[in-house]
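A short worksheet on the structure shown next.
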Amino acid sequence: MPSSRESAFRAIVAVERDRAARIDDGLKADELTPVERDLALELARGVERKRRLLDLVINELADRQPPRDPYLRSALRLGAYQVLFLTRIPSHAAVNETVKLVRHGRGMVNAVLRRLISLVQQRPPDPAQARREIELPEGRTLALERDVLPDMAESPAEATAILHGLPSFLVERWVTTHGLPVATQIARASSHKPCVSLRANRLRCTAEELAFQLEKEGVETQPSEHPRMLRWTGGASPFSTQAMNDGLFLAQDPTALRAVDALEPREGEVLLDLCAAPGGKATALAEAVAPTGCVHAFDPHPGRREKIRENAIRLGLEKVLSIHGDLATLPLGDGALADVPCSNTGVLSRRVEVRRRISQAAIEGLARKQRGILEDTMARVRPGGRVVYSTCSLEFEENEDVVAASAGRLIRDELTLPDPPHHDGGYFAVLQVSGGSAV
């Protein structure tokens with residue numbers, strides 16, 4: 001059985017060798033305990049979030065001759081991440097265990113990482129040395145021997161992008177749209193470990209009752225900003241509890257649930273979810289329309305439909321949640337939700353691999369697909385009915401521009417910026433289908 005570090009290393013290498021790979025998929029095959037899996041995820045995702053900064057540091061310490069071998073590059077990133085950002089793991093132990101992961105080049109990996117340890121100082125960074133001193137958790141500083149970062153006064157977007165492991169063009173977009181202070185907040189949130197929020201199944205318990213049940217099983221939670229949600233803060237994993245098995249909750253971010261609430265689902269209604277997998281929003285709608293209504297959830301992929309079905313059964317919603325793989329089988333709805341595929345720039349802390357794939361062309365291509373999905377969704381709702389269009393994106397081409405090009409009447413819209421540990425970023429708009437009176 002692999003260790004957490006071995007599992008994380010393999011996942012990092014897989015992403016390094018295949019840009020289409022996902023970190024989480026690389027960990028699924030390994031038999032790890034919940035604690036080991038949490039550490040493996042933190043290591044692998046953390047390396048991907050900070051990859052650009054890690055590479056800058058590694059290149060400097062390797063005398064600007066970083067190894068081309070993906071195994072050596074991945075080992076250096078994994079070791080550097082632990083030294084710089086995981087204070088609960090002793091640095092020398094982390095280096096020793098990381099060196100064991102590679103079959104060749106161990107001397108080079110060991111030398112670079114031990115040199116890195118020597119440059120970590122137990123003090124805050126000196127503002128006058130901002131181009132060579134990097135702030136680390138718990139009041140520490142990485143003090144490099146020469147200037148390596150861009151000047152924040154001259155190239156603020158570039159410097160911010162490197163510090164938070166993001167593509168420069170993306171931070172530049174945010175600076176243009178929101179200004180530098182807000183863009184910096186978004187960038188910082190995008191490199192932060194995301195929170196885990198739990199939505200209480202309203203048909204079985206309240207958030208307060210869920211908190212009580214989880215506390216009995218050693219799970220620590222706090223109230224969320226949403227009254228039906230809790231935030232997991234420590235203790236045992238909620239996903240290994242009887243409360244999980246009994247269908248008392250589903251993991252969902254508060255921003256995602258706000259999009260569901262915007263549809264104002266009511267008992268007895270017939271509602272559609274046109275991009276339903278893995279079922280977080282569809283099951284929330286089903287809880288609201290039960291017991292006399294119905295939610296028709298569509299997804300074209302059989303494996304993803306099975307995930308919706310599993311969640312529906314566990315939550316006791318199979319009688320009010322109908323799952324479809326063919327759009328032709330959907331009825332006319334009183335309302336619909338179109339949570340469309342998007343660039344995921346509001347959830348970069350969670351979808352860490354997006355950093356490697358996102359581009360201006362990709363955003364524009366997604367916007368074209370999103371316009372088609374929204375128009376198709378509106379055609380499946382009765383005249384005067386309502387449609388909620390939602391994304392996990394912060395980009396105007398995928399949000400306001402798509403809505404402006406639609407035939408629906410805009411009732412309201414909302415952009416939420418990511419704010420860990422409270423919520424992810426995202427957008428929704430409420431539209432009225434033509435042919436009815438005002439909502």
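The values are calculated or read from the model by the stated rules, or taken from the named source; none is laboratory data. All figures in this text were calculated on a predicted structure; none of them were measured in a lab. Don't worry about glycine lacking a Cβ; one is built from the backbone with ideal geometry, like all the others, and counts go over all protein chains shown.
Values for this structure:
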quantity	calculated
Of all residues making up the stretch 245-271, the number that are touching a residue at least 60 places away in the same chain (Cβ under 8 Å) and over 24 Å from G384 (Cα atoms)	7
Criterion (in contact with a strand residue (DSSP E or B) (Cβ under 8 Å, 6 or more places away or on another chain), in contact (Cβ under 8 Å) with a residue 12 or more places away in the chain, surrounded by fewer than 24 Cβ atoms within 10 Å (Cβ to Cβ) and of a type in the set (A, V, I, L, M)) met by exactly one of A236, A286	A236
Evaluation of T345 against (1) part of a loop (DSSP other than H, G, I, E, B); (2) more than 26 Å from K307 (Cα to Cα) (one fails), failing number	(2)
The stretch 366-379, residues that are surrounded by 13 or more Cβ atoms within 10 Å (Cβ to Cβ) and either at positive phi or not polar (S, T, N, Q) (or both)	L366, A367, K369, R371, I373, L374, E375, D376, M378
Residue match in the stretch 306-314 (condition: on the phi < 0 side of the Ramachandran plot and part of a loop (DSSP other than H, G, I, E, B))	no
Residue selected from the stretch 398-432 under the condition surrounded by 24 or more Cβ atoms within 10 Å (Cβ to Cβ) and of a type in the set (A, V, I, L, M), by the criterion nearest to T255 (Cα to Cα)	A429
Top-ranked residue in the stretch 25-56 [being surrounded by fewer than 16 Cβ atoms within 10 Å (Cβ to Cβ) and not in a loop (DSSP other than H, G, I, E, B); ranked as modelled with the highest pLDDT]	D38
Residue that is surrounded by the fewest Cβ atoms within 10 Å (Cβ to Cβ) [pool: residues in the stretch 86-115 that are touching a residue at least 24 places away in the same chain (Cβ under 8 Å) and among the charged types (D, E, K, R)]	R103
Qualifying residue in the stretch 158-179 (condition: closer than 24 Å to R17 by Cα, aliphatic (A, V, I, L, M) and not in a helix (DSSP H, G or I))	yes
Pair list, Cβ < 8 Å and 6+ apart or interchain, from the stretch 322-340 residues that are at positive phi to residues that are crowded, with 23+ Cβ neighbours inside 10 Å and in a strand (DSSP E or B)	none
Those residues of the stretch 71-95 which are polar (S, T, N, Q) and either under 22 Å from A14 (Cα atoms) or outside any helix (DSSP H, G or I) (or both), in sequence order	S74, Q82, T87
Residue count for the stretch 116-157, restricted to those that are out of contact with any His (no Cβ under 8 Å at 6 or more places or on another chain), outside any loop (DSSP other than H, G, I, E, B) and surrounded by 12 or more Cβ atoms within 10 Å (Cβ to Cβ)	14
The lone exception for D261 - which of (1) touching an Asp or Glu at 6+ places or on another chain (Cβ under 9 Å); (2) under 15 Å from N201 (Cα atoms); (3) surrounded by fewer than 22 Cβ atoms within 10 Å (Cβ to Cβ); (4) not assigned by TED's automatic domain parsing to the domain that holds G218 it fails	(1)
Those residues of the stretch 225-276 which are modelled with pLDDT under 95, closer than 27 Å to C342 by Cβ and of a type in the set (G, A, S), in sequence order	A276
Unmet criterion (only one of (1) free of Cβ contacts under 8 Å to residues at least 12 places away in the same chain; (2) more than 20 Å from G426 (Cβ to Cβ); (3) under 27 Å from the mean Cα position of the chain (by Cα)) for E318	(3)
Condition check for R68: out of contact with any helix residue (DSSP H, G or I) (no Cβ under 9 Å at 6 or more places or on another chain), in a loop (DSSP other than H, G, I, E, B), modelled with pLDDT under 95 and within 20 Å of R17 (Cα to Cα)	yes
All positions within the stretch 151-208 that are within 21 Å of the chain's Cα centre (by Cα) and of a type in the set (S, T, N, Q)	T160, S168, T184, Q185, S190, S191, S197
Subset of the stretch 265-274 [among the hydrophobic types (A, V, I, L, M, F, W, C) and in a loop (DSSP other than H, G, I, E, B)]	L274
Checking L210 against (1) assigned to a helix (DSSP H, G or I); (2) more than 16 Å from P418 (Cβ to Cβ); (3) in contact with an Asp or Glu (Cβ under 7 Å, 6 or more places away or on another chain), the condition it does not meet	(3)
Of the criteria (1) farther than 18 Å from H192 by Cα; (2) without any contact (Cβ under 8 Å) to a residue 60 or more places away in the chain, which one A75 fails	(2)
Qualifying position, being more than 23 Å from the chain's Cα centre (by Cα), among the charged types (D, E, K, R), modelled with pLDDT of 95 or more and farther than 30 Å from A328 by Cβ, among R386, R412, R382	R412
Search result, residues across the stretch 182-207 that are touching a Ser or Thr at 6+ places or on another chain (Cβ under 6 Å), assigned to a helix (DSSP H, G or I) and surrounded by fewer than 23 Cβ atoms within 10 Å (Cβ to Cβ)	T184
